[in-house]
Amino acid sequence: MSTWIDYHTQYLPSDPNITGFAVVIDWDFLEFYNAIYMARTFFEGYYVPGFAFNGVGYFVSKERQLFQAYVFQVLIEEEQIDIKDYSELANGMVADDVVDKSEQIKFGTFDIGGFRYCGMVDSQHTCHINFFGQKRSKREPEFDVIIIIG
């Protein structure tokens, strides 16, 4: 089971050497503070996968509506993750591993403008990312999935 903590109330004020480091999916090599985090938020009764940047979470709902959230969680790096091609979707990481398997939403990821972002994979095998208010989508096999390997 993965460990998720609230970004603003638990992660930022903590010592990462004690709580663990949040999983960064990509960052600007010139300025680490421009990290893109794997994130999830609780929305209308379920967890939605996405990414966070500069204290804001960017998500796409099951109904494919874009939204931002200021209350979201980041994954703490207790286990190693890896990025694999779409063929590994069955083993892909989910936003909520407690709900019934048929209700689970998987993380998808792809590059936009030279940086990697996270979003949700729908039942039609399309990955949707809220790219700062614009929906970007890729169908199988043009996106990758995140796998826990630890």
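The values are calculated or read from the model by the stated rules, or taken from the named source; none is laboratory data. As the structure is a computational prediction, the values presented were derived from the model and not from experiment. Note that we place each Cβ from the backbone using ideal geometry, even for glycine, and neighbour counts take in every protein chain shown.
Observations on the structure shown:
- Whichever residue in the range 1-20 is over 14 Å from the mean Cα position of the chain (by Cα) and modelled with pLDDT of 75 or more and, among such residues, is surrounded by the most Cβ atoms within 10 Å (Cβ to Cβ): 11
- Of all residue pairs spaced 6 or more apart or on separate chains, those with beta-carbon atoms under 6 Å, a first member in the range 134-145 that is touching a residue at least 60 places away in the same chain (Cβ under 8 Å) and a second member that is of a type in the set (Val, Ile, Thr) are 144/83; 144/109.
- Condition check for residue 96: among the acidic types (Asp, Glu) and under 12 Å from the mean Cα position of the chain (by Cα): yes
- Looking across 72, 115, one residue alone is of a type in the set (Phe, Trp, Tyr) and surrounded by fewer than 18 Cβ atoms within 10 Å (Cβ to Cβ). It is 115.
- Assessment of the range 70-92 against the conditions (at pLDDT 95 or above, farther than 18 Å from residue 2 by Cα and either out of contact with any Leu (no Cβ under 7 Å at 6 or more places or on another chain) or not basic (Lys, Arg) (or both)) yields at least one matching residue.
- The range 93-102, subset among the charged types (D, E, K, R) and surrounded by 12 or more Cβ atoms within 10 Å (Cβ to Cβ), residue modelled with the highest pLDDT: 96
- The set of residues in the range 51-66 that are within 18 Å of residue 25 (Cα to Cα) and loosely packed, with under 14 Cβ neighbours inside 10 Å comprises 54, 55.
- Filter result for residue 111 (closer than 21 Å to residue 135 by Cα and acidic (Asp, Glu)): yes
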